[in-house]
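Each reported figure results from applying straightforward, stated rules to the coordinates on display, with no laboratory input. On a predicted model such as this, the values are computed, not experimentally measured, just so you know. Cβ coordinates were reconstructed from backbone atoms using ideal geometry, including for glycine residues, and neighbour counts include every protein chain displayed.
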Amino acid sequence: MTKFLYKAKDTAGDLVSGTVTAENQVEAEDLLKKNNFLLVDIETANTIDLGSVFRRFSDRDKGIFIRQLSTMVAAGIPLPKAIGVIASQTENEFIKGIYFKLVDDLERGQNFSVALSQFPRIFTPVMVAVIRSGEQTGNLEEVLKQLSIQMERDSRLISKIKNAMIYPIVILVAMIAIATAMLVFVIPKFKDIFAASNSELPLSTKMLIGLSDSLVGSWYYYLIALIFLYLLTRSILISDQGQYSFDLFKIRTPIVSPIAKGIYMTRLSQTMSMLNRSGVPILESLKIISSVINNQVYQEGLDYAASQVEKGIPLSVPLEKNPYFPPLVSQMIAIGEETGHLESVMEKLGQFYEEETDDKIKNIASLIEPIILVVLGVAVAFVMISILTPIYRIAQLQ
């Protein structure tokens, strides 16, 4: 259970404050409403709730929810009942509370899109806009199906990237751990042997011993430096200028750029295709995509494109002038605008970038392995030469 601090107006209109304990914020708000309080503000009390660390609505959870909902709506099950069934099968109490809140709102006559919009940190503007369009056109079943397919595509692409990065990350962590263990526990023992021999040590051995002495004697400096580096990097990235520079770095760096651009163009094309097919106007689609593309460089470009479209200029024109959008994107959009089939053109463009990005991820993953092996071999050779060379000299002297 979690304790919440609230400010509300009572039946007399007076502002009151206090605490309420509930499983989650949704239940806390419901408790206050049932006691005739008009909620003004609510926040989690400054208490540590270890269970709350594991309360999250992941992308996988959202994908499963939309897929199940699409299947049940297609089978003719009313929306509130369908969500209630999904809630009854959910073990996570936090997610279950959100589902029951949605059911309550729907039963009180609220639109599904409006109910979802109350959870902006969970349900993205794309999801809300697509579902709102489905409600307006009376085609919610087809819209949910498209949304579930799109979310599965996004999840599949993210999984491929994560899987490609698992191997190099594991190897890198293992290398750092083994190197640290050798410097702390192994090298000091050889240092005593070398000191007793009074022989001249090679430069590589001196460097290794110096690094070992520094790490053993001043480990706290390294720890402070790592913490400072982390805080400095974090402070830079959370700033607007720092985030913009990092986003620009991702799409301009030779090795990273092809994959990063491919991911952004896949997301742009597929999302625009889904929104257009769902009946969302192009101007609103651009604003929605801009808010969820998660890159300030492209966000700035899409915002400018939206302002030009608002003036009656075709979308392909501002995108063609933007150097960060591949020429293929503006060319395909121009074809879609001329033929009046923008949604199908963007769907094909999204498939192209998805397949191309998948191939690039596989190629880079296949290149990373030999590079890591070479680096690992060089590091092992350096250590072995640094240790074995003075031992060989000592043996010769004896």
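Can you give me the orientation-averaged projected area of the convex hull built on the Cα atoms of segment 59-152, in nm²?
5.3 nm²
Can you give me the distance in nm between label points at residue 15 and residue 122, each placed 7 Å from the Cα along the Cα-to-Cβ direction?
Output for this residue pair reads 2.9 nm.
Just rank 16, 329, fewest to most, by other beta-carbon atoms within 10 angstrom.
Fewest-to-most Cβ neighbours within 10 Å comes out as 16, 329.
Can you give the FRET efficiency to the nearest 0.05 for residue 380 and residue 339, using r as the Cβ-Cβ distance and R₀ = 56 Å?
Once rounded, the FRET efficiency stands at 0.40.
Do any chymotrypsin sites (Phe, Trp or Tyr not before Pro) in segment 150-213 lie in a DSSP loop with no more than 16 other beta carbon atoms within 10 Å, and if so, which?
Here no loop site has a sparse enough neighbourhood.
Give the relative contact order (percent, whole number) for segment 59-152; include only Cα pairs under 8 Å separated by 6+ residues.
Taking the mean separation of contacting Cα pairs over the length of segment 59-152, I get 30 percent.
In whole Hz, what ³J(HN,Hα) sequence does segment 211-217 give by Karplus (6.51, -1.76, 1.60; θ = phi - 60°), x for Gly and Pro?
5, 5, 4, 5, 5, 6, x
Based on alpha-carbon centroids, what's the gap between segment 327-357 and segment 175-247 in Å, whole number please?
With segment 327-357 and segment 175-247 each reduced to a Cα centre, they are spaced 50 Å.
For each of 368, 313, 259, count neighbouring Cβ atoms within 10 Å of the residue's Cβ, then give the residues from fewest to most.
313, 368, 259
Please pull out the direction-averaged projected area of segment 179-338, using the convex hull of its alpha-carbon atoms, in nm² to one decimal place.
Projected over every direction and averaged, the Cα hull of segment 179-338 covers 14.1 nm².
From largest to smallest, what semi-axes in whole angstrom does the chain give when each is the square root of 5 times an eigenvalue of its alpha carbon gyration tensor?
Over the Cα atoms of the chain, the semi-axes work out to 52, 33, 20 Å.
Determine the gain in length on full extension of the stretch residue 41-residue 199; use 0.36 nm per residue of separation and subtract their C-alpha separation, reporting nm with one decimal.
Roughly 49.4 nm would be gained on extension.
Sort 303, 61 so that the residue with the fewest other Cβ atoms within 10 Å of its own Cβ comes first and the one with the most comes last.
303, 61
Suppose the chain between residue 60 and residue 392 were pulled fully straight at 0.36 nm per residue; how much longer would it get relative to their current alpha carbon spacing?
Length gained, residue 60 through residue 392: 113.7 nm.
If you fit an axis through the alpha-carbon atoms of helix 282-292 and take the longest principal axis of the Cα set of the chain, what angle between them do you get, 0 to 90°, nearest 10?
For 282-292 against the chain, the angle is about 40 degrees.
Exactly which trypsin sites (Lys or Arg not before Pro) in segment 195-256 are in a DSSP loop and have at most 16 other Cβ atoms within 10 Å?
Filter output for segment 195-256: 252.
Kindly write out, for segment 66-81 in residue order, the coupling ³J(HN,Hα) from the Karplus curve 6.51 cos²θ - 1.76 cosθ + 1.60 (θ = phi - 60°), rounded to whole Hz, with x marking Gly and Pro.
Computed from phi, the couplings for segment 66-81 are 5, 5, 5, 5, 4, 5, 6, 5, 5, 7, x, 7, x, 4, x, 5 Hz.
Once phi is turned into θ = phi - 60°, what whole-Hz ³J(HN,Hα) does the Karplus curve with 6.51, -1.76 and 1.60 give for every residue of segment 178-187, x standing for Gly and Pro?
5, 5, 5, 4, 5, 5, 8, 10, 8, 4
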